[in-house]
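The values are calculated or read from the model by the stated rules, or taken from the named source; none is laboratory data. Computed from a predicted model, the values in this text were never measured in an experiment. Cβ: placed from backbone, ideal geometry, glycine included. Neighbour counts: every protein chain shown. Remember, those area values only see protein heavy atoms, side chains included, never the ligands or the DNA or RNA. Shrake-Rupley method; radii C 1.70, N 1.55, O 1.52, S 1.80 Å.
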Amino acid sequence: QKEVEQDPGPLSVPEGAIVSLNCTYSNSAFQYFMWYRQYSRKGPELLMYTYSSGNKEDGRFTAQVDKSSKYISLFIRDSQPSDSATYLCAMSDHNQGGKLIFGQGTELSVKP
Amino acid sequence: GAGVSQSPSNKVTEKGKDVELRCDPISGHTALYWYRQSLGQGLEFLIYFQGNSAPDKSGLPSDRFSAERTGGSVSTLTIQRTQQEDSAVYLCASSGQGNQPQHFGDGTRLSIL
């Protein structure tokens, strides 16, 4: 079993839809949780960075962390075709130097 | 150039050759990481440098892989005697002091023939 599980999709939604992306994990020592967006042939781009449990909102994006359930989510409101990309969750235990453990990535397509 | 810079962007080489991949981190970032991204394995940690401390090499897959960081800035990842299974995208990331998030370059796409 992988430390971080993420549904690879692909996920296809119409423009304007609310998108929900999720990851589960097994290591209770993870403290920092991130979502990255990756376009084809580009590096991962940081979207959201959160510490411990709770919610964080940035524009159309909301990240949620539930440490008790070992479950994190990213919500995208009013999705746009430009949101079409692969979304990667990542997490780290800074007692281990901050190296990131990634999910497999979810491929999202937003259709106009 | 405010971001992480990697070169070359693409590298094609024959099996058995050595390759060197370069990473130029964001200015002032003290931590530098190498990851590998392949279809079957996703994104995997390789090695981590923090300031003048000894690097964390726990993710290197074999002794054919090595990395160094000169002057606390530029890093080079070297793969000796390349094998076909080394074909992947090699990504570099850097972060600032404290618990700062990592920012990635666009990677080097390595193909071993």
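Summary of values
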read-out	value
Distance violations [Cα-Cα > 26 Å] among A:LYS56/A:LYS99; A:LYS111/B:LYS11; A:LYS70/A:LYS99; B:LYS11/B:LYS57; A:LYS70/A:LYS111; B:LYS15/B:LYS57	A:LYS111/B:LYS11; A:LYS70/A:LYS111
Quotient of C-alpha Rg and 2.2 N^0.38 Å, computed over chain A	1.02
Principal semi-axes in Å for the stretch A:64-112 [√(5λ), Cα gyration tensor, largest first]	26, 13, 8
Rg ratio (alpha-carbon, reference 2.2 N^0.38 Å) - the protein assembly as shown	1.02
Of the GluC sites (Glu not before Pro) in the stretch B:1-91, those whose Cβ has at most 11 other Cβ within 10 Å and which sit in DSSP loop	B:GLU14
Shape call, the stretch A:14-80: gyration tensor on alpha carbons, a/c limit 1.5	prolate
Loop chymotrypsin sites (Phe, Trp or Tyr not before Pro), the stretch A:1-85, which have at most 13 other Cβ atoms in a 10 Å radius of their Cβ (DSSP)	A:TYR39
Accessible area of chain B belonging to carbon and sulfur atoms, whole % at 1.4 Å probe	42
Point-charge dipole on Cβ atoms (K/R +1, D/E -1) for the protein assembly as shown, about Cα centre, debye to 20	220
Accessible area per residue in Å² at 1.4 Å probe, computed on the stretch B:55-108	43
Counting DSSP beta bridges with both ends in chain A, the antiparallel % (nearest 5)	90
Shielding by other protein chains, B:38-47, mean Cβ within 10 Å	4
Debye-sum result for the stretch B:10-113 in log10 I(q)/I(0), which assumes one identical scatterer on each alpha carbon, at q = 0.10, 0.14 Å⁻¹	-0.26, -0.50
Heavy-atom accessible area per residue - chain A, 1.4 Å, Å²	48
Normalised alpha carbon radius of gyration of the stretch B:64-113 [divisor 2.2 N^0.38 Å]	1.35
